[in-house]
Amino acid sequence: MLTPVSLAIGGEIGQNAAEQPTLEILPATGVPDATTTSGYSNTTVYLDFLARTAPFNLYPFVCVIPQGIFIAYYNEARILNEKTFATVKTLPNMPGAVNNPNGGRTYQLEGAMVLLPQYAPYTAPLGVLICGGSTEGGGYAIDNCISTQPGAANPTWTIERMPSRRVMPCMAGLPDGTYVILNGGEHGVAGFGLGGVPNFNAVLYDPSKPVNQRMSIMANTTVARLYHSEATVLLDGRVLVSGSDPTGQYPTPAGAWPEEYRMEVFTPPYLLSGLARPTFTIKNTDWTYNQTVSFTVTSGGTANLKVSLLGSTVSTHGNAMGQRTIFPAFSCNGNACTVAAPPDAHTSPPGWFMMFILNGPTPSVGVFVRIGGDPAGLGNWPKLPGFTLPGV
């Protein structure tokens with residue numbers, strides 16, 4: 001039996017130092033290798049494609065898909081075998097900006113990536129959406145989103161123009177399957193003092209609509225948020241907007257946009273309709289794969305009910321590794337309902353999710369559930385006096 005592991009990919013050996021074009025396995029159990037006594041070989045894997053595309057890939061976009069590990073870096077993308085880390089498929093290069101086809105999507109030419117919604121029975125190829133980025137040299141931020149299905153037989157990229165340019169954006173998946181795009185700047189690249197012209201506008205992206213009709217302009221933030229800003233979905237369906245660490249901003253005088261400690265909250269349209277929120281109760285919040293879990297709708301009815309699961313994410317540099325939006329199968333008999341947990345770790349990697357029910361467009365307040373347990377033992381906290389263990 002193989003031990004569950006985590007991967008550390010890319011980065012540098014120190015601040016502003018040489019790139020580290022490797023994949024490292026943590027804990028250091030090594031790469032599965034039946035020819036060795038232990039069953040594992042070395043714990044780092046050299047990635048020639050990261051060395052080749054340096055230095056515009058220091059925070060590659062990485063996620064688990066049914067076909068293996070999807071990784072996007074600079075203006076390229078590929079699928080890696082999850083056991084050997086060999087390349088399974090190389091995708092076509094990502095299209096860039098209108099004025100520069102070589103525009104990149106990862107740090108320093110930083111855009112943001114999310115996974116598009118997954119719907120039971122999970123037979124459709126998983127979609128990936130990448131928005132914004134920048135170009136080498138001039139630092140002209142990119143004004144488009146691109147999407148693809150890496151697991152499709154012949155994946156291609158679809159381009160959709162955003163209302164404005166955006167580098168260092170944040171994207172957050174919402175309970176209704178839409179996404180909010182916000183923060184960042186309209187010029188420059190990621191880094192301390194290397195970007196400017198703050199983009200105050202929020203954009204809603206709805207993948208259920210036809211291509212090129214999916215973006216709607218929302219309200220403006222009142223705070224410039226550039227490098228190191230974040231957008232985090234809360235249990236009540238709002239989005240916490242925070243951060244910005246510019247230490248002086250190009251092209252305006254140093255100090256024009258200081259380090260930000262102020263926070264804002266974005267209220268999506270589904271909370272502005274005036275409709276009452278549905279409510280529900282659930283006792284089992286620790287789910288195994290394929291498990292059927294009971295819950296009770298306590299207000300709002302079930303005629304137009306939907307259930308969604310949002311991966312509980314930690315985000316950095318435009319990439320929320322655990323971001324995932326899942327609409328699982330469910331059924332109801334009156335107000336007594338059951339929901340089917342996702343089938344496996346390729347559909348839903350082990351971790352924490354926020355469960356919502358929706359009555360039409362309006363979500364309930366969410367409840368944290370854990371799916372797939374804790375196979376890597378990340379919850380094995382020390383049992384110390386006066387320390388209450390977190391978790392379910």
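The values are calculated or read from the model by the stated rules, or taken from the named source; none is laboratory data. This one's a predicted model, so the numbers in the text were calculated from it and none came from an experiment. When we count neighbours, we look across all protein chains shown, and the Cβ atoms used for this are built from the backbone with ideal geometry, even at glycine.
For this structure, a couple of remarks:
- On inspection, ALA224 qualifies as assigned to a loop (DSSP other than H, G, I, E, B) and modelled with pLDDT under 95.
- Hey, ILE217 farther than 26 Å from LEU80 by Cβ, in contact (Cβ under 8 Å) with a residue 24 or more places away in the chain and part of a strand (DSSP E or B) or not: yes
- At least 3 residues being surrounded by 13 or more Cβ atoms within 10 Å (Cβ to Cβ), of a type outside the set (Gly, Ala, Ser) and free of Cβ contacts under 8 Å to residues at least 60 places away in the same chain is the threshold, and among the strands (runs of 3 or more DSSP E) wholly inside the range 319-392 those reaching it are 336-340.
- Verdict on PRO251 being outside the structural domain of PRO350 (by TED's automatic domain parsing), under 27 Å from PRO169 (Cβ atoms), modelled with pLDDT of 80 or more and in contact with a Gly (Cβ under 7 Å, 6 or more places away or on another chain): no
- Residue list for the range 70-90, restricted to those being closer than 15 Å to LEU7 by Cα and more than 14 Å from the chain's Cα centre (by Cα): ILE79, LEU80, ASN81, GLU82, LYS83, THR84, PHE85, ALA86
- Within the range 89-108, considering residues that are modelled with pLDDT of 95 or more and aliphatic (A, V, I, L, M), the one nearest to HIS346 (Cα to Cα): LEU91
- One residue stands out in the range 85-125 among those that are aliphatic (A, V, I, L, M) and touching a Pro at 6+ places or on another chain (Cβ under 7 Å): the one that is nearest to VAL203 (Cα to Cα), namely ALA112.
- Residue count for the range 201-242 satisfying the condition of being farther than 24 Å from THR325 by Cα and surrounded by 15 or more Cβ atoms within 10 Å (Cβ to Cβ): 6.
- Residues located in the range 262-316, provided they are in a strand (DSSP E or B), buried (at least 18 other Cβ atoms within 10 Å of the Cβ) and more than 27 Å from the chain's Cα centre (by Cα): PHE295, VAL297
- Qualifying residue in the range 371-392 (condition: more than 24 Å from THR325 (Cα to Cα) and β-branched (Val, Ile, Thr)): yes
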